[in-house]
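Working notes, beginning with the structure itself.
No value in this document is a laboratory result; all are computed from the given coordinates. Since we're looking at a predicted model, the values are computed, not measured. As a convention, Cβ positions derive from the backbone with ideal geometry for all residues, glycine included, and neighbour counts pool all protein chains shown.
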Amino acid sequence: MKHKTTQWPCPAKLNLFLHIVGRRDDGYHELQSVFQLLDFTDQLTIEITENSLIEFDCNKRELSGDNNLVVRAALKLQNYARQNLNKKTLGAKLYLDKKLPVGGGVGGGSSNCATTLLALNTLWQLALSLEELAEIGLSLGADVPIFVMGNNAFVEGIGEKLTPIEIPPTWFLVIQPECHISTAKIFSNRLLTRDNKIIRIRDLDIGALPFKGKNTMQDVVTHDYPEVEKVINWARKFSPNARMTGSGSCVFLAFDNEREMSKIASQCDWPHFVAKGVNKSPLHVEMQKQST
């Protein structure tokens, strides 16, 4: 039986700020952040197959192996269905058109993972809730739940405690310095501040993007990766609040004017993209379309 091919977006995110407020006994860091979803996406194409095989390819050859989070998410969902739902799933051919910067702190791998879980949950007719899928996703990456739930959020814990928030329409220029940052190296750096003061959601000034606060990791990253510091210094000529997202390497500027943002982007010599912040994930918008 031939199944139709479907396409599913994998949106980027930004950490509008990132504070590390503690370290758990298991080595994971407790953090606080605001995650902003963007309308700039990877695209995952899926064709359901009658066998149970998972086949995967990507336009970037270096990402096409079985260790890709797309494959791991599909296999994890298959295993969950077999063990917890007593249900054998069909298979899938998956193709990822990768546009998001790899290792840039914009959530690309986690977003790919979440899209795989939500899309296959729909196509395999497993009827798992978003909460169940977020729990499965958390075992694959701390940022996966935000993409599963599909809303901008104030984030706590290791990334699993989400409080949805609405953020005013904003345009972002996201710049990728030409370096690849090791997240593990940054988290293990002895100079990393791990005791930022805990804030409350009501302390956030949502109208003052990109929020008061900072990215705790930024000083450590710029010390080890001068190219990131170079981009931040350039960006701050246009916005004093330009900062790094996640563990880097991407740097972003926020404006409420698309024309102004495009003008600045035209002067940028590094790889970059311009995106609009959204309050609802493009993936969830697509899921609504496909369910009607």
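Using the count of nearby Cβ atoms within 10 Å as a rough guide to exposure, how do VAL231, VAL251 rank from fewest to most?
With the fewest neighbours first, VAL231, VAL251 line up as VAL231, VAL251.
Please state the charge dipole magnitude for region 118-222, taken about the Cα centre, from unit charges on C-beta atoms (+1 on K and R, -1 on D and E), reported in debye and rounded to the nearest 20.
Working: 9 positive and 12 negative charges, 89 e Å.
So the magnitude is around 420 debye.
Assign unit charges at the C-beta atoms only (+1 for Lys and Arg, -1 for Asp and Glu), then state the dipole size of the chain relative to its Cα centre in Debye, rounded to the nearest 20. Kindly include the intermediate steps, with their values, before the conclusion.
On the way: 33 positive and 32 negative charges, 19 e Å.
That gives the chain a dipole magnitude of about 100 debye.
Given labels modelled 7 Å from the Cα in the Cβ direction, how far is it in nm from ASN51 to GLU132?
About 2.8 nm, to one decimal.
In which sequence would ARG23, ARG243, ARG72 go, from the one with the fewest C-beta neighbours within 10 Å to the one with the most? Don't jump to the answer; show the numbers that get you there.
Working: ARG23 14, ARG243 24, ARG72 20.
Starting with the residue having the fewest Cβ neighbours, the order is ARG23, ARG72, ARG243.
Among ASP57, ASP26, ASP195, ASP143, rank each residue by its count of other Cβ atoms within 10 Å, from fewest to most, as a rough exposure measure. It would help to have the intermediate numbers written out before the result.
Details: ASP57 14, ASP26 6, ASP195 11, ASP143 27.
Least crowded to most crowded, the residues run ASP26, ASP195, ASP57, ASP143.
Can you work out the base-10 log of I(q)/I(0) for region 171-278 at q = 0.11 1/Å, using the Debye formula on its C-alpha atoms alone?
Debye curve over Cα of region 171-278, log10 I(q)/I(0) at q = 0.11 Å⁻¹: -0.37.
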